[in-house]
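Below is one structure; the comments refer to it alone.
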Amino acid sequence: MRGSAGLLATAAVISALASAPAAQAAENPATAVGRDGAAATVDTLATKAAIKALERGGNAVDAAVTAAGVLGVVEPFSCGVGGGGFMLIRDRKGHVITIDGRETAPAAMTPTSFWSGGKPLSFDDARYSGMSAGVPGTPLSWERALESYGTISLRRALRPGERIARRGFAVDQVFHDQIAGNGTYFNDIPSTAALYLDAGGKPLAVGTRLRNPDLADTYERLGRLGVERGFYSGPVARAIVAASTDPPTVGDPEHPWLPGVMTLDDLRDYTAPFRAPTTISYRGLDVYGMGPPSSGGSTDGEALNILEGYRDFGRDRVLSLHRYLEASRLAYADRNAYLADPAFFPVPLRGLLSDSFAAERRALVPATAANATVPPGDPYDNGGRGEPSATVSHPNQSTTHLSVADRKGNVVSYTFTIESIGGNAIVVPGYGFLLNNELTDFNYDSTTHPNRVEGGKRPRSSMAPTIVERRGKPFLAIGSPGGSQIPTTVMQTFINRVDFGMTLPEAIAAPRVSQRNGPTSVAEPDFISSYAGRALASRYDHAFVAQAPPGEIGAVEAIEFLRGGRFLAAAEPVRRGSGSAMVVRP
């Protein structure tokens, strides 16, 4: 099914969900249907905090920041005040705005900051360093969101996270595995080891109660003083600078730790600007996304524009998936060449999202898989100015996403991160949070690429928080973690829902495949072995490689707006240990 027919196909399923008894809902925390507001995050504690904020009269922005504060405690290897992100907000009047909380490079950085001996460092040597830490943007983006669109103070929003940090929470298997994934690097940093390793230097065992009083004190300080005095200047700022410029290692660390060049001025000068969203129309839906320096909105927007030209898209699922993969390949070729910080490079956003450019790219979709890296197009009116490059894909990229909506029409889709799982592995001594390694998102192996390292610049991101409207009313809020696979994860879930007629929970649970302009497409094992995967290989010559362990692509958290003021909140049922979806009034 396609278009409006696909949207109507879920009525029976949604009706069944809405009438399910409370016991059944409790057994299926990844899906909830009800009224008065909804939230979906990767963690039950965060989702509960968001729902409680809504129950107490807060709006979606209040609830989103509250949930984000909790995630900074219980998901510290994916997000926190030491990182950054992008928040998409739709207010009750229908205005859509974004907040750019992306980290910035210290002013003293140059295109060769990650080079040694005349060549770029290996990824691990660049990541596990003080140099990889960008100036954090999360605290200021929280404060700006609340001051402009919220109804509560930052102090109140951070209290649930502060309480959990003091009282502690139980380490689960995913948390344990994320510690283990950082190998011996955590052992090199005493402040990190003290939090996340046991007395023998091993990852905390499953079931261990983890308390973080230093982070609780940091939250209390932010709430009491505000972020300018409580984070971007004073003792916290000095500790961040010290940790990045002189990594606090043991006396004889097992690994080299490149010092960074961050200064107090870099922190003091940080801004989190409001930006206009990207917007396209797709089969009668208005799709809002995040613009540069993120590539999420433009990449998904360009690919969807290509796909919209196929009037029969969705009828033959295998053919449609072939076109989806090839549209992704083309969009990523353009993303890799042209997306960067717009303050440093004239990103051709209007051209990338134009119908005429989509038609040019659609004409290049082959009858069978390209199975190659293809060149970028020319979205400029006066000749191309980008530099082709392959997608830089690093292992163990992490992030988190949350979607929140209230009964008055406010909607938040928020993706934030510290980049790799565990960031740069440095817990700021005395303050309990990990620093990011976002600056490895630059094309740091190039001195000429639009996304090269430069002082004061924001690295290109793949985060794709998305809000979709239907006839001027909210229809979907969606997003995902997953590094450079985020745009394909969001887009595949979206076309599953809109073009293939799946329910939102089905669209999220379906096996995933990601094509990012490479000779092969990365796929979950269940996709490769599925009928569609086998048919794509046999009919259209697509080549697949399995996603690296644990074999999962993305972790979608979304909300669908139903008739009669109801919400369908849906989270991952399995990936990343499963997510959590709740509504205010089931």
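Determine if the range 492-513 includes at least one residue that is within 26 Å of VAL347 (Cβ to Cβ) and among the small types (Gly, Ala, Ser). No, because not a single residue in the range 492-513 is within 26 Å of VAL347 (Cβ to Cβ) and among the small types (Gly, Ala, Ser).
Could you tell me how many of the residues in the range 549-586 are of a type in the set (A, V, I, L, M, F, W, C), over 19 Å from the mean Cα position of the chain (by Cα) and part of a loop (DSSP other than H, G, I, E, B)? The number of residues fulfilling the criteria is 1. Among residues that are over 30 Å from GLY58 (Cα atoms), assigned to a helix (DSSP H, G or I) and of a type in the set (A, V, I, L, M), LEU158 is not included. All of (1) crowded, with 22+ Cβ neighbours inside 10 Å; (2) closer than 20 Å to GLU75 by Cβ hold for GLY150 with one exception: (2). Candidates GLU557, GLU506: the one that is under 19 Å from ALA40 (Cα atoms), open to solvent by 30 Å² or more (accessible area, probe 1.4 Å) and either at pLDDT 95 or above or of a type in the set (Ser, Thr, Tyr) (or both) is GLU506. Examine the range 127-141 for a residue that is in a helix (DSSP H, G or I) and basic (Lys, Arg), and state whether such a residue exists. Yes, that holds for at least one residue.
In summary, THR31 fulfils each of the numbered conditions (1) open to solvent by less than 10 Å² (accessible area, probe 1.4 Å); (2) modelled with pLDDT of 95 or more with the single exception of condition (1).
For the range 346-380, name all the residues that are of a type in the set (Ser, Thr, Tyr) and either more than 27 Å from the chain's Cα centre (by Cα) or outside any loop (DSSP other than H, G, I, E, B) (or both).
Residues of the range 346-380 that are of a type in the set (Ser, Thr, Tyr), as a first pass: 354, 356, 368, 373, 380.
Result: SER356, THR368, TYR380.
Restricting attention to the range 134-145, the residues that are over 21 Å from LYS457 (Cα atoms) and either open to solvent by 10 Å² or more (accessible area, probe 1.4 Å) or not hydrophobic (A, V, I, L, M, F, W, C) (or both) add up to 1.
Of the residues TYR540, TYR531, the single one that is farther than 20 Å from THR466 by Cα, open to solvent by 40 Å² or more (accessible area, probe 1.4 Å) and of a type in the set (Phe, Trp, Tyr) is TYR531.
Here ILE97 clears all of (1) hydrophobic (A, V, I, L, M, F, W, C); (2) part of a loop (DSSP other than H, G, I, E, B); (3) open to solvent by 10 Å² or more (accessible area, probe 1.4 Å); (4) closer than 30 Å to VAL584 by Cα except the condition numbered (2).
Would you check if GLY384 is small (Gly, Ala, Ser), in contact with a helix residue (DSSP H, G or I) (Cβ under 9 Å, 6 or more places away or on another chain) and at pLDDT 95 or above?
Numbers: small (Gly, Ala, Ser): yes; in contact with a helix residue (DSSP H, G or I) (Cβ under 9 Å, 6 or more places away or on another chain): yes; at pLDDT 95 or above: no.
In short, no.
Run THR391 past the list (1) at pLDDT 95 or above; (2) assigned to a loop (DSSP other than H, G, I, E, B); (3) touching a Ser or Thr at 6+ places or on another chain (Cβ under 7 Å) and report the number of the one that doesn't hold. Only one criterion is unmet by THR391, namely (1). Look at PRO525 and say whether it is within 23 Å of the chain's Cα centre (by Cα), free of Cβ contacts under 8 Å to residues at least 40 places away in the same chain and more than 27 Å from TYR282 (Cα to Cα). Considered against the rule, which asks whether it is within 23 Å of the chain's Cα centre (by Cα), free of Cβ contacts under 8 Å to residues at least 40 places away in the same chain and more than 27 Å from TYR282 (Cα to Cα), PRO525 comes out as yes.
Residues that are out of contact with any Gly (no Cβ under 9 Å at 6 or more places or on another chain) and assigned to a loop (DSSP other than H, G, I, E, B) occur in the range 168-176; there is at least one. For the range 64-81, a tally of residues being surrounded by fewer than 24 Cβ atoms within 10 Å (Cβ to Cβ) and closer than 13 Å to ALA216 by Cα returns 0. Residues that are under 17 Å from VAL428 (Cα atoms) and not aromatic (Phe, Trp, Tyr) within the range 196-209 comprise just one, LEU197. Screening PHE475 on (1) under 18 Å from MET87 (Cα atoms); (2) not in a strand (DSSP E or B) shows it passes everything except condition (2). Among the residues making up the range 409-465, those that are crowded, with 23+ Cβ neighbours inside 10 Å, at positive phi and touching a helix residue (DSSP H, G or I) at 6+ places or on another chain (Cβ under 8 Å) are GLU419, GLY422, ALA425, GLY432.
The values are calculated or read from the model by the stated rules, or taken from the named source; none is laboratory data. What you see is a predicted model, and the numbers here were worked out from it, not measured in a lab. A quick note on method: Cβ atoms are made from the backbone with ideal geometry, for glycine too, and the neighbour counts reach across all protein chains shown. The accessibility values were calculated without ligands, DNA or RNA, using every heavy atom of the protein model including side chains. Shrake-Rupley method; radii C 1.70, N 1.55, O 1.52, S 1.80 Å.
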